Amino acid sequence: MKITFLGATGQVTGSNYLLEHKGTKILIDCGLFQSGFFNDQKNYEPFHFKPSEINAVILTHAHIDHSGRVPVLAKYGFKGKVYATPPTLDFARILLLDSLGVLEKEAIHFGHDLIYNEKDVKNVVELFENVAYDTKKIISNDISFHLRDAGHILGSAIIEIAYTNDKSEQKKIVFSGDLGNYPNLILRRTAEINKADYLVMESTYGGSEHENMESRKAILKATIEETIHRGGVLMIPAFAIERTQEVLIEINELVEHNKIPRVPIFLDSPLAIKATHLFKKYESYFNNETKKVIKADDDIFSFPGLQSCLTTDESKKINHVPPPKIIIAGSGMSNGGRIVHHEQLYLSDPKNTLLIIGYQAQGTLGRKLANKEKIVKIHGVEVEVRATIKKIGGYSAHADQTQLINWIKPMHQTLNRIFLIHGEPETMESLSAKIHQELTLKVTVPILGESFDLE
């Protein structure tokens, strides 16, 4: 088995790994590279393989940095199957089309061609094939895989690939995908893996620890109260899948129990609104605690005062609503979407607050704001940042360092090597040192394009 690392090496986007074994070629994820803009220049570079020679793609989950270049594969001749869980493929359908809208705007702005079009999305969607959790799927005589619940977003998966090596021995390589931060308001706990020969593992928060659930709720409540007291606008950049729904559940509880003052609250994200409808479709994937809450509360994602803004006109009308008010909008890293327009309008007022609740990749506007830069450029205009900037790590959908180490432990006796991906260099260095210290395992941090022969 040969593995080549073609993305998310030394950074957190562009997840893409090529497996080659006895004439079969499999891609694990095919994600969009993202940096200062939604679409990074690296996405225009040719693939390091011929798409027409790929037999199958297996997606860990639907986030665009894991699935965003799948239509490009179809554009250049891929005819195989795209395997993932039912929620992942449903989310991918809406995410890929939504991303196309952002890509079109950036292409016009920078004079670039589109990396894919609506026809390419349609063509690749026809190649989608559902695979349920814990169900064996055979790729070839020598390769099969299972998907396990990663607990990151709805439908996210750990991929276990079993293969027969040249010595007729059974081996297993595991791709963590993005691992969830537990306890989770909606999802089940990340599945435990007891045995593997090789592990390719994310490290997004491998150098830090999150606040617990009670702490994050307290910070959210306090931030809402402080902003309302100042008569300001609270802006929450949120990823459309998972983060938005968790925040809605938290605010639902605060509103319905009269723990915060009643103010207008806007969900200004067509994608998040569509995604929330899909959550309702897949309630069977929720954890038992949330299923019990649903029985007592028909709609955990809605509450008095919440207004969903699907159209552009509805979004623009938010500006005419006097503060205090709360705006939840995408994108989560402020590198596109409607949140950018609100930030341009409201960041210069000290009465307002920007609450960051997710990872902010290097080069993004969100990262600059998280680093509390005093002046940022939005739509080509310099904006003085006078609003309060707050961060809550506990809303992250990624496991922190302790959770990552604990997840490795059940399989550490059988592991030959761990490959760390999907993290920034200093984060991977911190996690690598911790793994050496606690588990004495061999850890490799691959570079882009690097290949390894596995036994």
Single condition residue 81 does not satisfy, out of (1) surrounded by fewer than 23 Cβ atoms within 10 Å (Cβ to Cβ); (2) touching a Ser or Thr at 6+ places or on another chain (Cβ under 9 Å); (3) not aliphatic (A, V, I, L, M) = (2)
ask   = What residue, among those in region 9-54 that are more than 21 Å from residue 107 (Cβ to Cβ) and among the hydroxyl-bearing types (Ser, Thr, Tyr), is surrounded by the fewest Cβ atoms within 10 Å (Cβ to Cβ)?
value = 52
task = Report yes if residue 298 is acidic (Asp, Glu) and at pLDDT below 95, otherwise no.
result = yes
query = So, in region 345-360, of the ones that are modelled with pLDDT under 95 and touching a helix residue (DSSP H, G or I) at 6+ places or on another chain (Cβ under 6 Å), which residue ends up nearest to residue 423 (Cα to Cα)?
reply = 360
remark   = Considering region 110-126, residues that are out of contact with any strand residue (DSSP E or B) (no Cβ under 9 Å at 6 or more places or on another chain) and part of a helix (DSSP H, G or I), and then whichever is nearest to residue 95 (Cα to Cα), we arrive at 121
request  = May I ask you to say which residue of 341, 379 is within 22 Å of residue 109 (Cβ to Cβ), at pLDDT 95 or above and out of contact with any His (no Cβ under 6 Å at 6 or more places or on another chain)?
outcome  = 341
inquiry  = Condition (residue is surrounded by fewer than 13 Cβ atoms within 10 Å (Cβ to Cβ) and closer than 21 Å to residue 260 by Cβ) applied to region 292-300: is it met by at least one residue?
reply    = yes
task = Report yes if some residue within region 200-209 is touching a Lys or Arg at 6+ places or on another chain (Cβ under 6 Å), surrounded by fewer than 23 Cβ atoms within 10 Å (Cβ to Cβ) and either modelled with pLDDT under 95 or of a type outside the set (Ser, Thr, Tyr) (or both); otherwise report no.
result = no
query = Got a number for residues in region 222-241 being touching a helix residue (DSSP H, G or I) at 6+ places or on another chain (Cβ under 6 Å) and either farther than 16 Å from residue 327 by Cβ or modelled with pLDDT of 95 or more (or both)?
reply = 5
key: Selection within region 229-244 - out of contact with any Gly (no Cβ under 9 Å at 6 or more places or on another chain) and surrounded by fewer than 24 Cβ atoms within 10 Å (Cβ to Cβ)   = 229, 230, 231, 232
note = Checked region 169-191 for anything more than 17 Å from the chain's Cα centre (by Cα) and at pLDDT below 95; matches are 183
request  = Determine which member of the set 206, 232 is small (Gly, Ala, Ser) and within 28 Å of residue 338 (Cα to Cα).
outcome  = 232
inquiry  = Looking only at region 127-159, how many residues end up being among the charged types (D, E, K, R), assigned to a strand (DSSP E or B) and over 24 Å from residue 52 (Cα atoms)?
reply    = 2
request  = Among the residues of region 431-455, count how many are surrounded by fewer than 17 Cβ atoms within 10 Å (Cβ to Cβ), farther than 28 Å from residue 21 by Cα and within 27 Å of the chain's Cα centre (by Cα).
outcome  = 1
remark   = The condition of being part of a loop (DSSP other than H, G, I, E, B) and closer than 28 Å to residue 89 by Cα holds, among 310, 199, 267, only for 310
message = For residue 268, only one of the following conditions fails: (1) modelled with pLDDT under 95; (2) closer than 14 Å to residue 305 by Cα; (3) not aliphatic (A, V, I, L, M). What is its number?
response = (1)
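The values are calculated or read from the model by the stated rules, or taken from the named source; none is laboratory data. Quick caveat: nothing in here was measured; it's all calculated off a predicted structure. Please note: Cβ atoms are built from the backbone with ideal geometry, for glycine as well, and neighbour counts cover all protein chains shown.
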